[in-house]
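A.B. asks: Here you go, one structure.
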Amino acid sequence: MQTDSVLAEARIIPVVVINRANRAQALAEALVAGGIPFAEVTFRTDAAAASIRAMAADPSLCVGAGTVVTPAQVDEAADAGARFIVSPGFSAAVVRRAQEHGLPFFPGAVTPTEIIAALDAGLSTLKFFPAGLYGGPAALTALGAPFPQVRFIPTGGVSAANLSEYLSLPNVAAVGGSWMVPADAVDAGDVPTITRLCAQAVAALPTPAEVA
Ligand code: 3PG
């Protein structure tokens, strides 16, 4: 399974907590207008599946499901039209269910043992969460020595101020974060704020020359 082709264009993946599915359309509009046509909608609220369904209807946006920790949530996400699945950690049962659906899956892995478990399952693009607390860019550089085949998506403590440092690393595929989709702005359907924060994040991306 090609796990990372769906996110090949993504450098920044907004991690969304949405409480009201009727705000999903405004969120989609803001993400696209701000230049980040991706979203990881987390299963931390009851509105997740309906929001994914609403956003998946917009062909200019690539929407996936996040905080997926059970096989049943994989089923729900797939049924809603999620194009990829993200989990904060590694569960063989969740991986299997994502593979049954043919969905790219990005499990969280921060230790060498977890990384090896993910590689065993055929996965080599991994979420690195919470990135700041698990050593940040220095840890990713260190993990690159034994695991040159792995690409990471650091998430947790990433912001416009440090995303360039992460994205300049050769083993970082993309970064994730919630800073450009603050919960109050999402719940208010505040398109201008989300658009502005996304545009700021895009402006902070490293230039090709800065990427190792
Ligand atoms: C996640 O699940 O990826 C995090 O909640 C996002 O972390 P952040 O809020 O620090 O960006």
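The values are calculated or read from the model by the stated rules, or taken from the named source; none is laboratory data. Small disclaimer: the values here were computed from a predicted structure and weren't measured. Cβ atoms come from the backbone with ideal geometry, glycine included; neighbour counts cover every protein chain shown. Calculation scope for accessible area: heavy atoms of the full protein, side chains included, ligands and nucleic acids excluded. Shrake-Rupley method; radii C 1.70, N 1.55, O 1.52, S 1.80 Å.
A.B. asks: For S60, which of the numbered conditions (1) in contact with a helix residue (DSSP H, G or I) (Cβ under 6 Å, 6 or more places away or on another chain); (2) within 22 Å of E9 (Cα to Cα); (3) within 16 Å of the ligand (Cβ to nearest atom) fails to hold?
C.D. replies: Here S60 clears every test but (3).
A.B. asks: Is it the case that some residue within the stretch 149-165 is at pLDDT 95 or above and farther than 19 Å from P14 by Cα?
C.D. replies: Yes.
A.B. asks: Collect the residues in the stretch 121-132 that are more than 10 Å from the ligand (Cβ to nearest atom) and open to solvent by 20 Å² or more (accessible area, probe 1.4 Å), keeping them in residue-number order.
C.D. replies: Those that are more than 10 Å from the ligand (Cβ to nearest atom) and open to solvent by 20 Å² or more (accessible area, probe 1.4 Å): A121, G122, S124.
A.B. asks: Okay, moving on. Working only within the stretch 136-159, note down all residues that are among the small types (G, A, S) and open to solvent by 40 Å² or more (accessible area, probe 1.4 Å).
C.D. replies: Hits for the stretch 136-159 are A138, A142, A145, G157.
A.B. asks: For the condition assigned to a strand (DSSP E or B) and either at pLDDT below 95 or within 16 Å of the ligand (Cβ to nearest atom) (or both), what is the one hit in V41, V69, V6?
C.D. replies: V41
A.B. asks: Looking at A82, is it buried (at least 18 other Cβ atoms within 10 Å of the Cβ), part of a helix (DSSP H, G or I) and touching a residue at least 12 places away in the same chain (Cβ under 8 Å)? I'd like the intermediate steps shown before the answer.
C.D. replies: Working: buried (at least 18 other Cβ atoms within 10 Å of the Cβ): yes; part of a helix (DSSP H, G or I): no; touching a residue at least 12 places away in the same chain (Cβ under 8 Å): yes.
The answer is no for A82.
A.B. asks: Looking at A65, A93 in this structure, which one is out of contact with any His (no Cβ under 6 Å at 6 or more places or on another chain), open to solvent by less than 30 Å² (accessible area, probe 1.4 Å) and among the aliphatic types (A, V, I, L, M)?
C.D. replies: Going through A65, A93 in turn, the sole match is A65.
A.B. asks: Does G157 qualify as being within 11 Å of the ligand (Cβ to nearest atom) and either over 24 Å from S51 (Cβ atoms) or part of a helix (DSSP H, G or I) (or both)?
C.D. replies: Criteria met by G157.
A.B. asks: Going by the conditions given, is L27 in a helix (DSSP H, G or I) and either surrounded by fewer than 17 Cβ atoms within 10 Å (Cβ to Cβ) or touching a Pro at 6+ places or on another chain (Cβ under 8 Å) (or both)?
C.D. replies: No, not satisfied.
A.B. asks: Taking the options P107, P182, P137, P88, name whichever one is farther than 23 Å from T42 by Cβ and modelled with pLDDT of 95 or more. Break it down into steps so the answer makes sense when it comes.
C.D. replies: On the way: P107 fails: farther than 23 Å from T42 by Cβ; P182 fails: farther than 23 Å from T42 by Cβ; P88 fails: farther than 23 Å from T42 by Cβ.
It is P137.
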